[in-house]
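Colleague: Here's a structure for you.
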Amino acid sequence: MAKVETTVPVNQLQRSWGDVSDRALRAPIVITAKGRPRHVLMGFDEYQRLKARDRRAYQIEDLPDDLAEQLEAGLDALWNPDTAADDGDTLIA
């Protein structure tokens, strides 16, 4: 069963900040204006958890050298499967 998002109109947020901000510590709350979602209020810990999941995307010509080397090594391992795997098993092409 999908979790139902809690929504709060902006005018209720203004009247009940303490209650709404306390509820946002338990689960994110969608703040609406004129019936449309505009913002999300959540606890700082949840925000930090989500930020930690951020990933960067690069165009190949902008890839940092250390990541380019890791990518090359990974591709080399895929293109040359006639080496032993980490667990000692021999890969068969």
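The values are calculated or read from the model by the stated rules, or taken from the named source; none is laboratory data. Just so you know, these numbers come straight off a predicted model, no measurement behind them. We place every Cβ from the backbone using ideal geometry, glycine too, and count neighbours over all the protein chains shown.
Colleague: Please go through the stretch 40-57 and pick out each residue that is surrounded by 13 or more Cβ atoms within 10 Å (Cβ to Cβ) and either over 30 Å from L67 (Cα atoms) or in contact with an Asp or Glu (Cβ under 8 Å, 6 or more places away or on another chain) (or both).
Modeller: V40, L41, M42, G43
Colleague: While we're here: I'd like the full set of residues that are more than 11 Å from the chain's Cα centre (by Cα), charged (D, E, K, R), part of a loop (DSSP other than H, G, I, E, B) and at negative phi, limited to the stretch 30-55.
Modeller: The answer is none; no residue qualifies.
Colleague: Okay, moving on. I need every pair where a residue in the stretch 3-22 that is in a loop (DSSP other than H, G, I, E, B) has its Cβ under 6 Å from the Cβ of a residue that is modelled with pLDDT of 90 or more and not small (G, A, S), sequence separation at least 6 or different chains.
Modeller: E5/V30
Colleague: Any idea which residue in the stretch 62-93 is modelled with the lowest pLDDT, counting only those that are part of a loop (DSSP other than H, G, I, E, B) and in contact with a helix residue (DSSP H, G or I) (Cβ under 9 Å, 6 or more places away or on another chain)? Before the answer, list the steps.
Modeller: Quick first cut of the stretch 62-93, residues part of a loop (DSSP other than H, G, I, E, B) only: 63-64, 80-83, 85-89, 91-93.
After this cut, where a residue has to be in contact with a helix residue (DSSP H, G or I) (Cβ under 9 Å, 6 or more places away or on another chain) as well, the list is 63, 83.
Numbers: L63: 85, T83: 58.
Only one residue fits best here, namely T83.
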